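Presented below is the structure to which this report refers.
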Amino acid sequence: MEQGEASGSKPYDEIWSKLVPSNSKYSDVELRSDEVEIHSEVKVSSFEKLGWCKITRNSDLSSATLQNKSLNVIFVDGTDVPSEDTIMIRCGSEIIPGPVSDGYLSYRFKVMPMNESSKKLLQISLDSDHAKCSICLNIWHDVVTVAPCLHNFCNGCFSEWLKRSQQKHAIVLCPHCRSAVQFVGRNHFLHSIEEDILQSDASLRRSDEELAVLNSCALIKSPLVINNGKKPRGKRPRSTPEEDNVTDHACAQCGTQYDGFQCNQNTVHLQCHACGGMMPSRTTNIRVPQHCVGCDRAFCGAYWHSQQVTRSDSHHMCAPETFKPIGERTITRIPFLAHEKNRHEQDITERCIRQMGKTLQDVVSEWVTKLNNREIDRARMPLNHAEMITSGTHLCNECYDKLVSFLLYWFRVCLPKYRLPADAAQREDCWYGYTCRTQNHNDDHARKRNHVCRPTRGNVGN
């Protein structure tokens with residue numbers, strides 16, 4: 001195992017994350033400090049170690065910020081990161097120190113599970129009256145928060161308010177305090193509090209019919225930036241044309257018409273989850289979706305490609321490859337998430353495919369067809385709206401990896417034992433199957449037992 005070099009921060013006794021190379025002949029890079037300069041192999045053809053990035057642990061302990069410290073462009077989940085630029089990385093992010101065509105090695109960022117001793121349980125007391133939507137006066141449902149005033153509402157309630165406000169007024173006002181709303185997004189932390197309150201007091205629950213109506217009205221799937229029509233009164237400091245461009249043109253269609261569309265002062269904007277760039281939120285006269293069906297997050301690559309807008313220094317936008325239909329995607333490597341991140345099971349699956357004389361793409365295409373034909377139980381599919389997914393569905397890179405991992409599970413459980421390599425066929429099934437947690441921290445157990453199977457103890461599922 002290699003260790004990253006700490007740069008000024010105190011190292012821990014325990015490893016909090018790793019960079020796992022796609023080629024198993026290279027060692028994992030272990031990260032023990034909050035801020036680490038990475039020195040490792042960067043090319044498949046060489047064992048020379050070079051410094052190429054700095055990784056800083058984020059306060060949420062489950063993500064990090066990568067800074068490019070090399071002269072090359074680094075690729076993170078299909079997004080290019082120029083020299084000295086930064087990007088957020090999460091568990092499973094693919095990081096390539098340079099162009100794959102030039103022989104650069106691919107790494108996967110893996111966050112290690114926290115020890116139970118380091119986890120803290122926080123209990124809070126909250127009056128349910130403080131968790132009510134001021135529009136319907138009920139406990140929040142799919143709560144959203146508006147900014148800058150930070151008041152909270154049901155998604156469906158505020159979506160209806162937003163729609164009526166944009167039809168009648170130049171400015172969208174907060175229903176609670178009447179201040180101008182500039183931003184609205186779903187609040188996942190408050191959503192968990194909302195669920196806890198309803199579990200503790202069932203009398204506060206609404207009927208299924210009421211919730212169905214609310215859900216049908218809910219329009220806010222990812223963060224929305226709201227452009228209000230009126231500008232603030234009074235003088236402001238004189239700015240340069242470059243500053244005006246940043247302020248007044250939030251996206252490529254603010255000020256310029258592409259494909260017959262141009263933003264106006266009331267246009268609501270979506271922020272791309274991958275690159276942070278802005279695009280108009282559109283529901284009509286649009287050929288491609290703007291939200292990933294698997295996670296409901298917004299991605300701009302397919303939209304700008306459909307509008308025939310090319311990338312430039314003045315506007316952030318993703319490559320079309322970051323958000324594509326399932327049927328148009330190709331894959332050459334088993335996702336890091338496959339088989340609950342068990343590298344031994346991933347290796348067995350890779351050998352099975354090779355012994356059958358097929359490629360990974362062949363197997364994935366075959367099981368996507370089975371998915372289309374409704375031949376697979378979707379109960380365990382780790383994606384939102386699982387029943388809606390077909391080969392024509394647009395997915396982001398992260399959700400596509402989750403889908404492929406799900407399909408490879410079914411490929412393996414349906415595979416006759418004689419198709420397995422001899423060493424794998426002799427293993428006994430783990431009692432806990434794919435739900436086994438020991439496989440993630442005990443390499444010997446992960447290797448000796450088969451974990452691509454249904455659990456026979458604990459929470460039994462498909």
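Work out Dmax and Rg for segment 121-182 from the C-alpha atoms and quote the Rg first, both in angstrom.
Just the Cα atoms of segment 121-182 yield Rg and Dmax of 12.9, 47 Å.
How large is the accessible surface per residue of the chain, computed with a 1.4 Å probe and reported in Å² as a whole number?
On the way: 25200 Å² over 462 residues.
Computed with neighbouring chains in place, this is 55 Å² per residue.
Let me know the whole percent of all Cα-Cα pairs from segment 17-111 that are separated by more than 21 Å. If you can, show how the numbers build up before the last one.
Details: 939 of 4465 pairs.
When every Cα pair of segment 17-111 is considered, 21 percent fall beyond 21 Å.
For Kirkwood radius over Cα pairs in Å, one of (1) 29.5; (2) 25.0; (3) 27.8 was computed from the structure I shared and the rest are decoys. Which label?
Answer label, from the structure shown: (2).
With all distinct Cα pairs included, what does the Kirkwood hydrodynamic radius of segment 43-93 come out to in Å, to one decimal, could you say?
Numbers: mean 1/r = 0.0845 Å⁻¹.
That comes to 11.8 Å for segment 43-93.
Under the √(5λ) rule applied to the eigenvalues of the Cα gyration tensor, what semi-axes describe the equivalent ellipsoid of segment 129-225? Give them in Å, descending. Don't skip to the end; give the middle numbers.
Details: eigenvalues 103, 40, 27 Å².
Those come to 23, 14, 12 Å.
Between Ser45 and Arg437, what FRET efficiency follows from the Cβ-Cβ distance if R0 is 30 Å, with the result rounded to 0.05? Please report the intermediate quantities before stating the final value.
On the way: r = 38 Å, r/R0 = 1.26.
Efficiency computed from Cβ-Cβ geometry: 0.20.
Using only Cα atoms and rounding to the nearest 10 degrees, what angle (0 to 90) does helix 155-168 make with the longest principal axis of the chain?
40
Run through every distinct alpha carbon pair of segment 299-356 and return the Kirkwood hydrodynamic radius in angstroms, one decimal place. Please list the in-between numbers first.
Values: mean 1/r = 0.0704 Å⁻¹.
About 14.2 Å for segment 299-356.
Using the charge dipole of the chain (Lys, Arg: +1 at Cβ; Asp, Glu: -1 at Cβ; taken about the Cα centre), state which of Val144, Leu415, Asn342 has its Cα farthest towards the positive end.
Comparing the listed Cα positions along the dipole, Val144 ranks first.
What is the Cα centroid distance between segment 421-461 and segment 157-173, reported in whole angstrom?
53
Sticking with the crude label model, points 7 Å out along Cα→Cβ, report the distance from Gln182 to Lys25 in nm, one decimal please.
According to this spin-label approximation, the distance is 5.5 nm.
Which entries of Lys54/Lys358; Lys132/Lys341; Lys25/Lys370; Lys324/Lys417; Lys69/Lys448; Lys25/Lys69 have Cα-Cα distances beyond 31 Å here?
Working: Lys54/Lys358 38 Å; Lys132/Lys341 40 Å; Lys25/Lys370 35 Å; Lys324/Lys417 35 Å; Lys69/Lys448 40 Å; Lys25/Lys69 25 Å.
Flagged as over cut-off: Lys54/Lys358; Lys132/Lys341; Lys25/Lys370; Lys324/Lys417; Lys69/Lys448.
Taking the 0 to 90 degree range and rounding to the nearest ten, how far is the long axis of helix 343-355 tilted relative to the main principal axis of the chain, both from C-alpha atoms?
Computed tilt is about 70 degrees.
With contacts defined as alpha carbon pairs under 8 Å and 6 or more residues apart, what's the relative contact order of the chain in percent? Let's see the in-between values first.
Numbers: 802 pairs, mean separation 38.0, N = 462.
About 8 percent, as a whole number.
May I ask for the equivalent-ellipsoid semi-axes of segment 44-195, computed as the square root of five times each C-alpha gyration tensor eigenvalue and listed largest first in whole Å? Spell out each step's value before the answer.
Values: eigenvalues 370, 100, 27 Å².
Those come to 43, 22, 12 Å.
Per residue of the chain, what 222 nm ellipticity follows from adding -39500 (n - 2.57) for every DSSP H run with n ≥ 4, rounded to the nearest 500?
Values: 11 runs with 108 residues, N = 462.
Result for the chain: -7000 deg cm²/dmol, rounded to the nearest 500.
If I compute solvent accessible area with a 1.4 Å probe over the protein chains, what percent of it on the chain is carbon and sulfur?
Values: 12210 of 25200 Å².
Its accessible area is 48 percent carbon and sulfur atoms.
Which of the peptides 262-274, 414-426, 71-83, 42-54 is most tightly packed, and how do the rest follow, going by the mean number of other Cβ atoms within 10 Å of each residue?
Details: 262-274: 19.2, 414-426: 12.1, 71-83: 17.2, 42-54: 15.5.
Highest to lowest by the protection proxy: 262-274, 71-83, 42-54, 414-426.
Hey, can you rank 251-261, 148-158 by average C-beta count inside 10 Å, highest first? List each step's numbers first, then the result.
On the way: 251-261: 15.7, 148-158: 20.7.
Highest to lowest by the protection proxy: 148-158, 251-261.
The values are calculated or read from the model by the stated rules, or taken from the named source; none is laboratory data. The model shown is predicted, which means the values in this text are computed figures rather than measured ones. Cβ: placed from backbone, ideal geometry, glycine included. Neighbour counts: every protein chain shown. Surface accessibility is based on the protein's heavy atoms, side chains included, excluding ligands, DNA and RNA. Shrake-Rupley method; radii C 1.70, N 1.55, O 1.52, S 1.80 Å.
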